[in-house]
Amino acid sequence: MNRKTNNNILVPTDFSDVAECALQHAIKVAQAYKNEITLLFIFEEGILGGLFSGSQSDVMKDAIGTKLQLKADEITKASGIKTSYRIGKGKVYKAISEIANEEHFDSIIMGSHGASGLEQIVGSNASRTIQYAEVPVVVVKNSNIGAKGYSKIVMPIDLTVETRQKVDWAIHVAKKFDSEIHVVYSKSSDEYLDRKIQNNIAQVEFDLKSKNVKYQIYEFKDGVLDNFATEIHNYANIVNADLILAMTHTEKGISEIIIGTLTQQIVNRANNVAVMCIHPRETAFNYDY
């Protein structure tokens, strides 16, 4: 399993509180993995042309650039992380995703739900970014990574083929932060479906054991599938989890339709815990566990 990466975390920002929370999250991840950070500000398509003349537009860009440079310098001085910035324009979620995909960024860490005005630019686009980005996207709201990193990770397992792709990522993160992985799933009253999910769980357990990763397995009672996202969050809050792992399960061309699936529900409900969204792919990172 191989994936080209530039070892750089892309952090979209609009200077809102939630964007700052995501940035602090990214700093801790970058310190753990020795990543670089790129701050990204996107002018929403039409804003510059609609609100500013040519000279005013240039002044606005210069002001944003100065603010980004000051923030980048502050991060580098405080943490030693090499930090740069860039400014783009267009549809925010598409611009973020295209930059991350085409330039092989390691991941995107971004806030969700900005406050007002320009502060809504990042927050309102997080849910769409996870549809288009082919790199992992960590969505942060009010939460931040714990002092020891990701101490507890909640990993839902379902019947889909893609769900087991999360296991490699869970192991990768757990080995770095000495995390405990909480595998959660819903029992089915259908004998055939229940056998399939039990087989999935058995394989996941084998993988975690073989990599010497701490884990727990929790079975939700039959009947919670319609409310699976809520149950996942309730469990995450009970165990004080730092991260939930989810697959996007989107398909090319119809991602706008598929966005109402489990992953979107998990992201929408995530207030106290970050969510890492993994895009299904034929190949993934080749990590030394």
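The values are calculated or read from the model by the stated rules, or taken from the named source; none is laboratory data. All of these numbers come straight from a predicted model, not from anything done at the bench. Glycine gets a Cβ as well: all are built from the backbone with ideal geometry, and neighbour counts include every protein chain shown.
Structure values in brief
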item: Residue in region 79-101 that is of a type in the set (Asp, Glu), in a strand (DSSP E or B), within 24 Å of ALA274 (Cα to Cα) and modelled with pLDDT of 90 or more present; result: no
item: Residue selected from region 180-194 under the condition of a type outside the set (A, V, I, L, M, F, W, C) and assigned to a helix (DSSP H, G or I), by the criterion surrounded by the most Cβ atoms within 10 Å (Cβ to Cβ); result: ASP194
item: Contacts under 6 angstrom Cβ, first residue in region 178-189 being closer than 15 Å to GLN203 by Cα and not assigned by TED's automatic domain parsing to the domain that holds ILE232, partner surrounded by fewer than 21 Cβ atoms within 10 Å (Cβ to Cβ) and basic (Lys, Arg), 6 or more apart; result: none
item: Condition met for VAL29 (in a helix (DSSP H, G or I), modelled with pLDDT under 90 and of a type outside the set (Lys, Arg)); result: no
item: Residues that are polar (S, T, N, Q) and under 15 Å from ALA270 (Cα atoms), drawn from region 134-165; result: ASN142, SER143, ASN144
item: Residue in region 202-212 that is surrounded by 17 or more Cβ atoms within 10 Å (Cβ to Cβ), at pLDDT below 90 and either part of a helix (DSSP H, G or I) or not assigned by TED's automatic domain parsing to the domain that holds ASN125 (or both) present; result: no
